[in-house]
1. Out of all the residues in segment 92-102, which are of a type outside the set (D, E, K, R) and either open to solvent by 40 Å² or more (accessible area, probe 1.4 Å) or touching a Leu at 6+ places or on another chain (Cβ under 6 Å) (or both)?
2. Taking the criterion of being basic (Lys, Arg) and surrounded by fewer than 16 Cβ atoms within 10 Å (Cβ to Cβ), would at least one residue in segment 233-242 satisfy it?
3. Residues in segment 37-66 that are among the hydroxyl-bearing types (Ser, Thr, Tyr) and either under 14 Å from residue 260 (Cα atoms) or part of a helix (DSSP H, G or I) (or both): how many?
4. Could you list all residues from segment 103-135 that are open to solvent by less than 30 Å² (accessible area, probe 1.4 Å) and assigned to a helix (DSSP H, G or I)?
5. Of (1) open to solvent by 20 Å² or more (accessible area, probe 1.4 Å); (2) under 15 Å from the mean Cα position of the chain (by Cα), residue 15 satisfies all except one. Which?
6. Among the residues of segment 204-223, which ones are aliphatic (A, V, I, L, M) and either open to solvent by 10 Å² or more (accessible area, probe 1.4 Å) or at positive phi (or both)?
7. Taking segment 136-187 as the region of interest, how many residues are open to solvent by 40 Å² or more (accessible area, probe 1.4 Å), under 30 Å from residue 106 (Cβ atoms) and of a type in the set (Lys, Arg)?
8. Hey, could you check segment 71-91 for residues that are assigned to a helix (DSSP H, G or I) and among the hydrophobic types (A, V, I, L, M, F, W, C) and say which is surrounded by the most Cβ atoms within 10 Å (Cβ to Cβ)?
Amino acid sequence: MSSSKEPLPAGVWGVLATPLTADGSAVDTESLARQVQHYARIGATGLTVLGVFGEAARLTQDERRTVVETVVAADPRLPLVVGVSALETDAACAEADNVLDLVDGRLAGLMVQVASPDPAELARHLTKVADRTGQGIVVQDYPVISGVSIAARDLVDAVRRVPSVTAVKSESSPSPPAVAELVAGVEVPVFGGLGGTCLLDELAVGAAGAMTGFSVPEGLLACVAAYRSGGFGAAREVWRDYLPLVNFEFQQGIALGLRKHSLVLRGLIRHDAVRPPARAIPPRMLELLAEHLRRAPGAVLP
């Protein structure tokens, strides 16, 4: 199994939703392929598959293989980060082993959750996963999902102990202070997430880009490109047109359903079905979503 332990390239790594059939019982591979091809067309740096936005924790092992196989087949070029949901080392390695044979030569890193608040224990966990899989590690700090909170200084300590780490995805709120401390303390790129809610400020404190599931990734790309070319002021001018939709989508409990419905309205997937514990969306919220979407530049596809 070949592996890449080079730092992740800066830019926008699109986090893929896992489209489901109307009743939620199976993966809609046609919609998934369409989503991948859209990211390739608009110039994403790479793709993140089996992440939180991809409902990976709600998929069977066979479904995870179907998702990865579909993504690999849909585009031959974009590098991939593959998410691992389990916090325990053996289970995390088993999740990785389930799909690694499908991504040979395309894998930029395994995205592994922070599994302990203790930096020494976390470093041991990350090292074991890296050694047993032979892969580079993207460390995801997302305490709302993992249930594990770690101080930024301790995460810096852990990452510095593990040469196989290729990036950090920082999703501990408030994210700009965490990103700033990580950027100052580690030698690998740090990416923001959280639906892009703090993207502008994360870039301002040194983030390498975004790795998140916003339903109009064209906005993420535009903001990052503007920051590179014109700095904070230019990026702010671009990003303000997307912020109402960014904030609307990032509503606890219904965020996933809102984003999937947005992808349906954009013609990128066929159904907005989600699996528990994600909740159904009140009709009035769907009406508001459509209003926000109409006002986001580039959201209406030709």
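1. Passing the criteria: 94, 96.
2. Yes, segment 233-242 has at least one match.
3. Selection size over segment 37-66: 2.
4. Once the filter is applied, which keeps residues that are open to solvent by less than 30 Å² (accessible area, probe 1.4 Å) and assigned to a helix (DSSP H, G or I), segment 103-135 yields 119, 120, 122, 123, 125, 126, 129, 130, 133.
5. Of (1) open to solvent by 20 Å² or more (accessible area, probe 1.4 Å); (2) under 15 Å from the mean Cα position of the chain (by Cα), only one is false for residue 15: (1).
6. Hits for segment 204-223 are 204, 205, 207, 208, 221, 222.
7. 2
8. It comes out as 71.
The values are calculated or read from the model by the stated rules, or taken from the named source; none is laboratory data. Since the model is a prediction, treat every value here as computed from it, not as a measurement. Cβ coordinates were reconstructed from backbone atoms using ideal geometry, including for glycine residues, and neighbour counts include every protein chain displayed. Only protein heavy atoms, including side chains, enter the accessible area calculation; ligands, DNA and RNA are left aside. Shrake-Rupley method; radii C 1.70, N 1.55, O 1.52, S 1.80 Å.
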